[in-house]
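Report on the structure given below.
The values are calculated or read from the model by the stated rules, or taken from the named source; none is laboratory data. Note that the structure is predicted; figures quoted are calculated from it, not measured. Note that we place each Cβ from the backbone using ideal geometry, even for glycine, and neighbour counts take in every protein chain shown.
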Amino acid sequence: MRISDRGIFGGLAAVSLGLLAGGLALGEAFRLQPCYWCNFQRFLYMVLACVGLAGALLPRWRRPWALLAALAALGGVLAAGEQSWMQYAPQNAVECGFGDPTLVERLVDWLGSVWPSMFMVTGLCKDKDWVFLGLSLANWSGVCFCVLFGVSLWALFRRPVR
């Protein structure tokens, strides 16, 4: 059975929205305070959902949508990796929000001013408040972004369904 391009991109959008909703639900249930990297990952899940929706609606542009999805997912892998490293070696990491703001911090601050209930930074990046099976939420997000990156690459390089 071959999966259509619409199915792949629709699934990418649905999974991204599901992961975003799951992260928000975990945050509410366990009173987790989001940091800069958490909020940047939220933003990337939204970008992936939008790209997935665009790919499902305009499947003839499969390669550009898949490339954009792969870049967003790779950004998520890097963001989750940075946060995971900060949680693993907090003594070696400079906490977000201290010192000159980075591009990510500026973007998240702007998003927080536009949509505070979604992007307001209230936590520290080094905090590891929730752990499941030995992995923090940042670690799990990294795993999910790796899977989404793999699916995006598959969509980019596979033969189109005729």
Residues located in region 104-137, provided they are more than 21 Å from Arg31 (Cβ to Cβ) and not acidic (Asp, Glu): Val104, Arg106, Leu107, Trp110, Leu111, Ser113, Val114, Gly134
Identify, by number, the condition in (1) within 18 Å of the chain's Cα centre (by Cα); (2) closer than 30 Å to Arg60 by Cβ; (3) surrounded by fewer than 16 Cβ atoms within 10 Å (Cβ to Cβ) that Phe157 doesn't meet. (1)
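Any residue that is buried (at least 20 other Cβ atoms within 10 Å of the Cβ), at pLDDT 95 or above and not hydrophobic (A, V, I, L, M, F, W, C) - is there at least one of those in region 53-60?
Here is the first cut: in region 53-60, the ones buried (at least 20 other Cβ atoms within 10 Å of the Cβ) are 55-56.
Among the residues that remain, those that are also at pLDDT 95 or above are: none.
No - not one qualifying residue is present in region 53-60.
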Which of (1) surrounded by fewer than 19 Cβ atoms within 10 Å (Cβ to Cβ); (2) within 13 Å of Leu137 (Cβ to Cβ); (3) not acidic (Asp, Glu) is the odd one out, the single condition Pro34 does not satisfy? (1)
Is it the case that region 126-133 has a residue that's more than 18 Å from the chain's Cα centre (by Cα), more than 18 Å from Ala21 (Cα to Cα) and at pLDDT 85 or above? yes
Just checking, which of Ser117, Ser113, Ser141 is modelled with pLDDT of 90 or more, hydroxyl-bearing (Ser, Thr, Tyr) and part of a helix (DSSP H, G or I)? Ser141
Among the residues of region 108-154, how many are under 27 Å from Ile8 (Cβ atoms), in contact (Cβ under 8 Å) with a residue 24 or more places away in the chain and crowded, with 17+ Cβ neighbours inside 10 Å? 11
Go through (1) of a type in the set (Phe, Trp, Tyr); (2) under 23 Å from Gly123 (Cα atoms); (3) over 18 Å from the mean Cα position of the chain (by Cα) and name the single condition Tyr36 misses. (3)
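Name the helices (runs of 4 or more DSSP H) wholly within region 1-90 that hold at least 2 residues that are touching a residue at least 40 places away in the same chain (Cβ under 8 Å), touching a helix residue (DSSP H, G or I) at 6+ places or on another chain (Cβ under 9 Å) and more than 20 Å from Val147 (Cβ to Cβ)? Working first, answer last.
Working: elements: 5-29, 36-57, 62-88.
Answer list for region 1-90: 36-57, 62-88.
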Any chance you could count how many residues in region 114-161 are touching a strand residue (DSSP E or B) at 6+ places or on another chain (Cβ under 9 Å) and among the hydrophobic types (A, V, I, L, M, F, W, C)? 4
